[in-house]
Amino acid sequence: MTTVGLYVHIPFCDAKCHYCDFVTFVDKHADIEAYLNALHFELSQYPGHSLKTLFIGGGTPSVLNTQQISKLFSSIRTFFEIRDLEEATVELNPESVSPEKLGAFQKEGINRISFGLQTTNNALLARLGRLHDNERFLTVYQMAREQGFNDINVDLMLGLPGQTLADWGRSVDEVIALHPEHISAYALKIEPGTEFYREKLTVDGDLQADMYLLLCDKLRQAGFLHYEISNFAKPGHESKHNLRYWKNEETIGVGVSSATYINGRRIKNSGQFLAYLDRCQSGRFPEQTEEHLSDQQRQKENIMLGLRLSKGVETETIRSLSLPLVDIFLKRDLARIEGDRFSLTPQGWLLSNQLFQQLIS
């Protein structure tokens, strides 16, 4: 029985955040039951797998009610062996969390929560189009602790419209004071199709870089391991599921717009909601695009993903590609060699796209 990770996409939201370009829908809550039936069918197409990790993401998985949560997990258990499941994560937005839903997820084996906070500044939360304020987040965070969850991630976002370096530092400090086991932090990008794109907003790259380095310094001092470009964990609390992606290990994704990597194939489901439902209801695989990776493509992917991690890649491997930027990164302390490993520093991660582009070309 093949061991895999499983990602389940729940695409429903109560509102669309102004920065979000994910495949999510605010007008399809009436189709949740039909969508869960479609997921049941798609899960049935991947027999003979044992789950090592599980990630329920979105969208907003916490829009599901307790009966729908039970139905989803019944489908997962029907088609996947879960005896070896090490980590089961669910993404939660504070406005739709309740003790009953936390209990339902916990009953089904969820042992890790990822809260979408973004900032502790209420004015900035409103600017993002978020439905919660910081007080609501603090309430549900405490709720989760009282429920017994001892592996919690908090998502933050830097470089928001009107956000200053001082604002950012306060948000980081306030989250650190909650003692989460994990913090993820992402720089705002203005993506086509989003409200911010329509407003023609721009980002200040230099300010975002200062915010990132301040974050790295604060979290290092607070005892967090900076184990991936955007992710920080207390020792032993790295995200096992996300590490599967960064190590290019096999992971199945189900749901509209989800992605699968298995048997050397990279498969992407269509983002068309009604087409997804229709195909699953008629007993057909969701409409997909598929790519078979060559050995060279796999090697390049492995290197790019490996360089996202603090462990980096084998020095011999990166040297074999004869990339001019490698020596430049080393000379400028943007990269380092320790033992037989080549890895990027936080300053190097800020410029990593330059190295990745050279690798691709």
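The values are calculated or read from the model by the stated rules, or taken from the named source; none is laboratory data. On a predicted model such as this, the values are computed, not experimentally measured, just so you know. Positions of Cβ are backbone-derived with ideal geometry, glycine not excepted, and every protein chain shown enters the neighbour counts.
No other residue among 156, 178 is assigned to a loop (DSSP other than H, G, I, E, B) and in contact with a helix residue (DSSP H, G or I) (Cβ under 7 Å, 6 or more places away or on another chain) apart from 178.
Exactly one residue out of 344, 309, 355 is in contact with an Asp or Glu (Cβ under 8 Å, 6 or more places away or on another chain), under 24 Å from residue 187 (Cα atoms) and touching a residue at least 24 places away in the same chain (Cβ under 8 Å): that is 309. Reported count of residues in segment 277-302, each being small (Gly, Ala, Ser), more than 23 Å from residue 249 (Cα to Cα) and without any contact (Cβ under 8 Å) to a residue 24 or more places away in the chain, is 1.
Listed here are the residues, each with its yes/no results for (1) among the acidic types (Asp, Glu); (2) part of a strand (DSSP E or B).
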position: 39; (1), (2): no, no
position: 43; (1), (2): no, no
position: 54; (1), (2): no, yes
position: 75; (1), (2): no, no
position: 84; (1), (2): yes, no
position: 101; (1), (2): no, no
position: 106; (1), (2): no, no
position: 109; (1), (2): no, no
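In this structure, is residue 137 in contact with a His (Cβ under 6 Å, 6 or more places away or on another chain) and either surrounded by fewer than 19 Cβ atoms within 10 Å (Cβ to Cβ) or assigned to a helix (DSSP H, G or I) (or both)? No, not satisfied. Pull up segment 305-319, narrow it to residues that are in a helix (DSSP H, G or I) and surrounded by fewer than 19 Cβ atoms within 10 Å (Cβ to Cβ), then point me to the one that is nearest to the chain's Cα centre (by Cα). Result: 305. Cβ-Cβ contacts under 6 Å between residues 6 or more apart (or on different chains), taken from a first residue in segment 17-36 that is under 15 Å from residue 280 (Cβ atoms) and of a type outside the set (Val, Ile, Thr) to a second residue that is outside any loop (DSSP other than H, G, I, E, B) and at pLDDT 95 or above, are listed as 34/277; 36/71; 36/72. Of everything in segment 320-354 that is part of a helix (DSSP H, G or I) and touching a strand residue (DSSP E or B) at 6+ places or on another chain (Cβ under 8 Å), the residue that is surrounded by the most Cβ atoms within 10 Å (Cβ to Cβ) is 329.
Say whether the condition of being assigned to a loop (DSSP other than H, G, I, E, B) and not polar (S, T, N, Q) is met by at least one residue in segment 212-223. Yes, segment 212-223 contains at least one residue that is assigned to a loop (DSSP other than H, G, I, E, B) and not polar (S, T, N, Q). Does segment 84-102 contain at least one residue that is closer than 18 Å to residue 254 by Cα, among the small types (Gly, Ala, Ser) and either in the same structural domain as residue 237 (by TED's automatic domain parsing) or surrounded by fewer than 20 Cβ atoms within 10 Å (Cβ to Cβ) (or both)? Yes, segment 84-102 contains a residue that is closer than 18 Å to residue 254 by Cα, among the small types (Gly, Ala, Ser) and either in the same structural domain as residue 237 (by TED's automatic domain parsing) or surrounded by fewer than 20 Cβ atoms within 10 Å (Cβ to Cβ) (or both).
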